[in-house]
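Working notes, structure below.
The values are calculated or read from the model by the stated rules, or taken from the named source; none is laboratory data. In this text, all values refer to a predicted model and were calculated from it rather than measured experimentally. Glycine gets a Cβ as well: all are built from the backbone with ideal geometry, and neighbour counts include every protein chain shown. Calculation scope for accessible area: heavy atoms of the full protein, side chains included, ligands and nucleic acids excluded. Shrake-Rupley method; radii C 1.70, N 1.55, O 1.52, S 1.80 Å.
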Amino acid sequence: MKKLLLKYGIVGLLGTLIHFISLYVLVEAFGIQPVTSSTLGFLLVLFISYVLNKWWTFQDTPSGWKPFVKYTVVSLTGLLLNSGIMYAVVEWMHWNYLLGQCLVVVAVPASNFLFNYYWTFRT
């Protein structure tokens, strides 16, 4: 279990890095709204992290479309949480969008791991 958590954590850190970079570039270079930028970054990370988790973290899992559909459902739930937090922080609280993304990093990975471990990649 420790090895599994470590691998999941490494994939998560990589995904977080990609998410932050894409968020920053989309906002600062392209002028896209922070909530939209965070959503686009999240979707990018969805595909990257699925591939890494399927082939490296949870190696002995079923193949086919079913795990990807489950992973997408879990990720879309995370996306809703992500977008909700970003909207609340940026639009209601008027905090910096990067602080909002820091809150997302705390909330979303924990819930995603539990759902992916017990449902998505269950052998």
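It is to be established whether one or more residues within the stretch 66-78 are of a type in the set (A, V, I, L, M, F, W, C), surrounded by fewer than 18 Cβ atoms within 10 Å (Cβ to Cβ) and within 10 Å of the chain's Cα centre (by Cα). Within the stretch 66-78 (the criterion being of a type in the set (A, V, I, L, M, F, W, C), surrounded by fewer than 18 Cβ atoms within 10 Å (Cβ to Cβ) and within 10 Å of the chain's Cα centre (by Cα)), the answer is yes, since at least one residue qualifies. When restricted to residues that are assigned to a helix (DSSP H, G or I), open to solvent by 40 Å² or more (accessible area, probe 1.4 Å) and hydrophobic (A, V, I, L, M, F, W, C), the stretch 1-15 contains 5. Residues in the stretch 75-93 include none that are within 23 Å of Lys2 (Cβ to Cβ) and not small (Gly, Ala, Ser).
Residues in the stretch 60-74 that are touching a residue at least 12 places away in the same chain (Cβ under 8 Å), in a helix (DSSP H, G or I) and not hydrophobic (A, V, I, L, M, F, W, C): Pro67, Lys70, Tyr71, Thr72. Residue pairs whose Cβ atoms lie under 8 Å apart, sitting 6 or more positions apart in sequence or on different chains, and linking a residue in the stretch 92-118 that is over 22 Å from Pro62 (Cα atoms) to a partner that is open to solvent by 50 Å² or more (accessible area, probe 1.4 Å) and of a type outside the set (A, V, I, L, M), are Leu98/Phe20; Leu98/Tyr24; Gln101/Phe20. Being modelled with pLDDT of 90 or more and of a type in the set (S, T, N, Q) is true for just one of Ser63, Ser49, Ser38. Which residue is that? After applying the criteria, what remains is Ser49.
Residue by residue, here is whether (1) out of contact with any helix residue (DSSP H, G or I) (no Cβ under 8 Å at 6 or more places or on another chain); (2) of a type in the set (S, T, N, Q); (3) open to solvent by 30 Å² or more (accessible area, probe 1.4 Å); (4) free of Cβ contacts under 8 Å to residues at least 24 places away in the same chain holds:
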| residue | (1), (2), (3), (4) |
| --- | --- |
| Leu17 | yes, no, yes, yes |
| Ala29 | yes, no, yes, yes |
| Gly41 | no, no, no, yes |
| Leu44 | no, no, yes, no |
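Scanning the stretch 84-106 turns up no residue that is open to solvent by 80 Å² or more (accessible area, probe 1.4 Å), in a loop (DSSP other than H, G, I, E, B), modelled with pLDDT under 90 and among the β-branched types (Val, Ile, Thr). Would it be correct to say that Lys54 is assigned to a helix (DSSP H, G or I), touching a residue at least 40 places away in the same chain (Cβ under 8 Å) and of a type in the set (D, E, K, R)? Judged against the criteria, Lys54 is a match.
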